[in-house]
1. Which members of region 199-238 meet the condition of being under 30 Å from residue 156 (Cα atoms), surrounded by fewer than 17 Cβ atoms within 10 Å (Cβ to Cβ) and more than 21 Å from the chain's Cα centre (by Cα)?
2. Restricting the search to region 121-167, which residues are of a type in the set (D, E, K, R) and surrounded by fewer than 24 Cβ atoms within 10 Å (Cβ to Cβ)?
3. Please specify each residue of region 1-58 satisfying the condition of being aliphatic (A, V, I, L, M), within 19 Å of residue 124 (Cβ to Cβ) and surrounded by fewer than 16 Cβ atoms within 10 Å (Cβ to Cβ).
4. Considering only region 47-59, I want to know if a residue exists there that is in contact (Cβ under 8 Å) with a residue 40 or more places away in the chain, under 21 Å from residue 301 (Cα atoms) and either within 20 Å of the chain's Cα centre (by Cα) or in a helix (DSSP H, G or I) (or both).
5. Please enumerate the residues belonging to region 242-270 that are assigned to a loop (DSSP other than H, G, I, E, B), acidic (Asp, Glu) and exposed (fewer than 13 other Cβ atoms within 10 Å of the Cβ).
6. Which residue is farthest from residue 347 (Cα to Cα), if the candidates are limited to region 365-385 and must be surrounded by 21 or more Cβ atoms within 10 Å (Cβ to Cβ) and either of a type in the set (D, E, K, R) or without any contact (Cβ under 8 Å) to a residue 40 or more places away in the chain (or both)?
7. Taking residue 109, is it within 27 Å of residue 272 (Cβ to Cβ) and surrounded by fewer than 24 Cβ atoms within 10 Å (Cβ to Cβ)?
8. Could you check how many residues of region 411-428 are outside any helix (DSSP H, G or I) and either in contact with a Gly (Cβ under 7 Å, 6 or more places away or on another chain) or of a type in the set (D, E, K, R) (or both)?
Amino acid sequence: MRDDLCRIGIIDIGSNSIRLVIYDTTPEGGYKIIKECKYSARLSEKITKEGRLEHKDMDTVIPVLRQFKEICEGFEVDNIRAGATAAIRNAANSVEIITYLSESSGIRIEIISGYQEAYFGFLGVINAFDVQDGFVIDIGGGSTEITLFRGRRYQNSISFPFGAVNTNLMFSHNGNWNAEQVKKLQAYVTGRLVEHDWLNTGAGLPLYGLGGTLRSLGKLDQKSRDYSLPNSHGYRLSSETIDRFMEVLPAMPYEKRKDLDGLSKSRADIIVSGLIIFHTVFKYIGASQGLISGEGLREGMLHDLLNPEQPVRDSALEYSLNTIIRFDIRTSKQHLDHIYKLAGSIFDAFEAADNRAEQEMLIYVSVMLHRTGSNINYYQSKRHTRYWLMNSPIRGLTHRQLILSALIASYSTKSRKQKLSQVHKDILLASDEEWIHKLGTLVQLSIALDSTEIGFVRGVNAHLHGHTLHLELQGEGKVLIGQEDIENALKAFKNAWAVKVKLDYPST
């Protein structure tokens, strides 16, 4: 499947961990992760009192980088981009260390400046959410970046030389905290925030969080709520939830924190310092909510590499769908567009609802991705489609919209007697059940109308008169293949929409 794909390895030498992620990329800038490796280095703990990183401490990193290079060679990677962030960037001998690591590993490593780190984090977020305005915070081991964006465009950023690892060393007692230590770190962070006026210009905006601290907080919250869709990306942390974490986690001894369900033991000591930084920033900027982004620095480095002139996509959803279709859908985009056109013609016959724009979007996503399950098993494709979409890398959707798309795209005639929203009632609205059936049957009818996938039915004229929907199919000659599919889909459709249907086939 390599044909016109380019395989790229991104190495992120962070203050806490070193990661390699290998991506297959398309000429249009789409990408898919095919391999990830991680090594916990905690470089920010190795900085001396003089602010240096010694060669002997780097000698543990060189074999890791060499193995990363071997892995890239094994995966036939076309291009490697390696960047070092805060721990090395802020070292007094940073250039010397980068030269040493590059020559010893055989990988050209660049120092990622504070501005670049913030910008790359922004690129990762903005191409993974359909949002116009907001803040981004990236809490690493040795630095914290905050960025403000408006109209999907970068506005301001700042990189602070403190993160979850070095503040844990500076303020805690081996990962244990008392009230005075918490206040000292809060004051330390606030003292740096007040130096930047633009941080006060976005009250009420969402705060998008990157890094292990935020992912860990999300997992802890999901476990405590028994959340029915355990996806990190797009998970919402309310102001109340963040406040509750601040009450509970700093007061909990480190040894007890290690046993928390959802928190890795390697992060049990630094989760509190990361949380205090996040909570202090959240309150200071007046954020409305926190949202976890599964994409950040590494994806930003990739976007910048693939398309440095125009790295920001106008629509995260459209970009995401096109990428998925390129990698995972075994049918033509022309066929999918045709189904959507048929669905739109039928949907337009009904009276507009308040949330019509969202419903049209759900129809579009469901049509575009309804074939994903056939990659696993053609005859049980709907079951696999549902699972695939629930766990997919679709960007630009809320968790609720992701679940709705999965249930609509995988809808079958047997679904009409089931209460499909029950499993996810903690996320879905009470009104969603009705629309799952309505939009599910609409999508299935549209698919059935082009079951041959070669466009025998060119279009449909749909008109609603009273409780009767008139469907006049357009095309050349009589539809012979797929009539049973159309009749089965119509039966479920009529039930869900409470209408009679008068169907006129093309004349012979």
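The values are calculated or read from the model by the stated rules, or taken from the named source; none is laboratory data. All of these numbers come straight from a predicted model, not from anything done at the bench. Note: ideal-geometry Cβ built from the backbone for every residue, glycine included; neighbour counts use all protein chains shown.
1. Within region 199-238, 200, 201, 203, 204 meet the criteria.
2. First, pick out the residues of region 121-167 that are of a type in the set (D, E, K, R): 130, 133, 138, 145, 150, 152-153.
Correct list: 130, 133, 150, 152, 153.
3. Once the filter is applied, which keeps residues that are aliphatic (A, V, I, L, M), within 19 Å of residue 124 (Cβ to Cβ) and surrounded by fewer than 16 Cβ atoms within 10 Å (Cβ to Cβ), region 1-58 yields 33, 34.
4. No, every residue in region 47-59 fails to be in contact (Cβ under 8 Å) with a residue 40 or more places away in the chain, under 21 Å from residue 301 (Cα atoms) and either within 20 Å of the chain's Cα centre (by Cα) or in a helix (DSSP H, G or I) (or both).
5. Passing the criteria: 259, 261.
6. My answer is 373.
7. no
8. Pass one, region 411-428, residues outside any helix (DSSP H, G or I): 411-412, 418-421, 425-428.
With either in contact with a Gly (Cβ under 7 Å, 6 or more places away or on another chain) or of a type in the set (D, E, K, R) (or both) added as a condition, the list becomes 411, 419, 425-426.
Adding up the residues that qualify gives 4.
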